[in-house]
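Structure record follows, encoded as structure tokens.
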Amino acid sequence: MKMNSSRRWNRGTTCWDGRIQNMSRLSSIARAYRDFESQLDDLLVLEGHIAHLAAGEWKGQKWKINWYSTMIALSAYSEWERLVEKIVISSVSANTTSIASTLELSLPSRVPLEVSEAMLTFRSGYIDFRGVEELVGQTRKWLSPNPFDKLTSPQKELLENLRVIRNAVIHLSRKARKDMQSRFGKRATPVSVLMIKTRGQTVLRKYLNDLRGVSTSLQTP
């Protein structure tokens, strides 16, 4: 009699543990969005400070303005990459159906976050997508549902713009320069693009605001 009671308790505990783990996965994704938007808010505040200094104390010191503006853009794209990684790992953890089919593996319907991360990063130690189209295409094979299918054409263009700017700053390679010029014009540089003003705000500030729109789109049911 005690043995049967113990078995029932174990089954109940396992079920309860599963619910807790699934809640943890969902809260992990929600927290990732909150963290991303919080970082964007901080970058917007910093961009505002830079604009204020550019009109006053730093007037005539373009190198400072250019350097800080470029770093803000790099930080924004890094935060986007971090968000993507968190979404993918948490989503695979919550539902392995698509990735199991793609990789032809027999997996439980859910796995711990640590197992999901190990599966997705065992080769290089991180998740890497060479552009937004590769991101959308690959996650269609891994995630069900796939939040990145919600990205609009303008949002994809925004993310590609930031990726090309980031590569031009980080790599300084011929390909990075060529991609920059192909996308923005022969004489384009990261700074020249980011500091263009449209409707009273720099392209950099517009990019930061538009990234918040990306976050909203991904969370839309």
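Readers should treat all values here as calculations from the given coordinates under stated rules, not as data from a laboratory. Because the structure is a prediction, the values reported are computed rather than measured. All Cβ positions, even for glycine, are placed from backbone atoms using ideal geometry, and neighbour counts span all protein chains on display.
General remarks:
Residue-by-condition table, conditions (1) under 18 Å from I50 (Cα atoms); (2) among the hydroxyl-bearing types (S, T, Y); (3) without any contact (Cβ under 8 Å) to a residue 12 or more places away in the chain:
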{"position": "L158", "(1), (2), (3)": "no, no, no"}
{"position": "N161", "(1), (2), (3)": "no, no, no"}
{"position": "N167", "(1), (2), (3)": "no, no, no"}
{"position": "H171", "(1), (2), (3)": "no, no, yes"}
{"position": "K186", "(1), (2), (3)": "no, no, yes"}
{"position": "L208", "(1), (2), (3)": "yes, no, no"}
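- Selection from region 102-152 of residues that are assigned to a helix (DSSP H, G or I), in contact (Cβ under 8 Å) with a residue 60 or more places away in the chain and more than 17 Å from the chain's Cα centre (by Cα): L113
- Qualifying residue in region 206-214 (condition: touching a helix residue (DSSP H, G or I) at 6+ places or on another chain (Cβ under 9 Å) and not in a helix (DSSP H, G or I)): no
- Which numbered condition A100 fails, given (1) among the small types (G, A, S); (2) farther than 24 Å from V214 by Cα; (3) surrounded by fewer than 16 Cβ atoms within 10 Å (Cβ to Cβ): (3)
- When residues of region 135-177 are limited to those that are out of contact with any Ser or Thr (no Cβ under 9 Å at 6 or more places or on another chain), under 16 Å from L208 (Cα atoms) and aliphatic (A, V, I, L, M), the one surrounded by the fewest Cβ atoms within 10 Å (Cβ to Cβ): L158
- Qualifying residues in region 188-206 (those that are in contact (Cβ under 8 Å) with a residue 40 or more places away in the chain and of a type in the set (V, I, T)) - the one nearest to W67 (Cα to Cα): V191
- Residue list for region 178-221, restricted to those being of a type in the set (S, T, Y) and either within 27 Å of S38 (Cβ to Cβ) or surrounded by 18 or more Cβ atoms within 10 Å (Cβ to Cβ) (or both): T189, T198, T202, Y207, S215, T216, S217, T220
- Restricting region 31-68 to residues that are more than 20 Å from V193 (Cα to Cα) and charged (D, E, K, R) leaves a set whose member that is surrounded by the most Cβ atoms within 10 Å (Cβ to Cβ) is E37.
- Options S78, S91: the member that is surrounded by fewer than 20 Cβ atoms within 10 Å (Cβ to Cβ) and in a helix (DSSP H, G or I): S78
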